Amino acid sequence: MAEAPAEPFPFEAALAQLEALVARLEGGELSLEDSLTTFEEGIRLTRQCQQALRSAEQKVALLMEKGGTVPFDPEDDAGES
C-alpha cells in the first residue's frame, strides 16, 4: 500500500488531537483493542509533533546563526502557511 503524499503538518491540530486521545485513554472506557489503536495513533502523532518541533528548532538556529536572515528558498515555503 503506497503512502499518501505528504501534506503540510498542522502542529496545533495534531497536538489537540493528541490531548483528546490521552483523555480517552485516561477515561478508562475503551476496550483493550480500542486502547491499543488509540495508543498507536498517539505514538504516531507524538512522532510527527516531535519532528515538527525539531524542524522549527533548526530554522530558529539557522536564523540566529545568519543574523536573522535566511536566503529565500521557495521549496521550503511551498507547504507552509
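The values are calculated or read from the model by the stated rules, or taken from the named source; none is laboratory data. Not measured: the values here are computed from a predicted model. Here the Cβ is made from the backbone with ideal geometry for all residues, glycine too, and neighbour counts use every protein chain on show.
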Practice item. Please go through the range 23-33 and pick out each residue that is closer than 16 Å to Thr46 by Cβ and exposed (fewer than 13 other Cβ atoms within 10 Å of the Cβ). Key: Ala23, Glu26
Check your understanding: Restricting the first residue to the range 58-81 and requiring it to be within 18 Å of Pro10 (Cα to Cα), which pairs with a second residue that is modelled with pLDDT of 70 or more and polar (S, T, N, Q) meet a Cβ separation below 8 Å and a spacing of at least six or different chains?
Key -> none
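Kindly state which helices (runs of 4 or more DSSP H) lie completely within the range 10-81 and contain at least 1 residues that are modelled with pLDDT of 90 or more and either on the phi < 0 side of the Ramachandran plot or acidic (Asp, Glu) (or both).
Numbers: elements: 11-27, 32-65, 74-77.
Those helices (runs of 4 or more DSSP H) span 11-27, 32-65.
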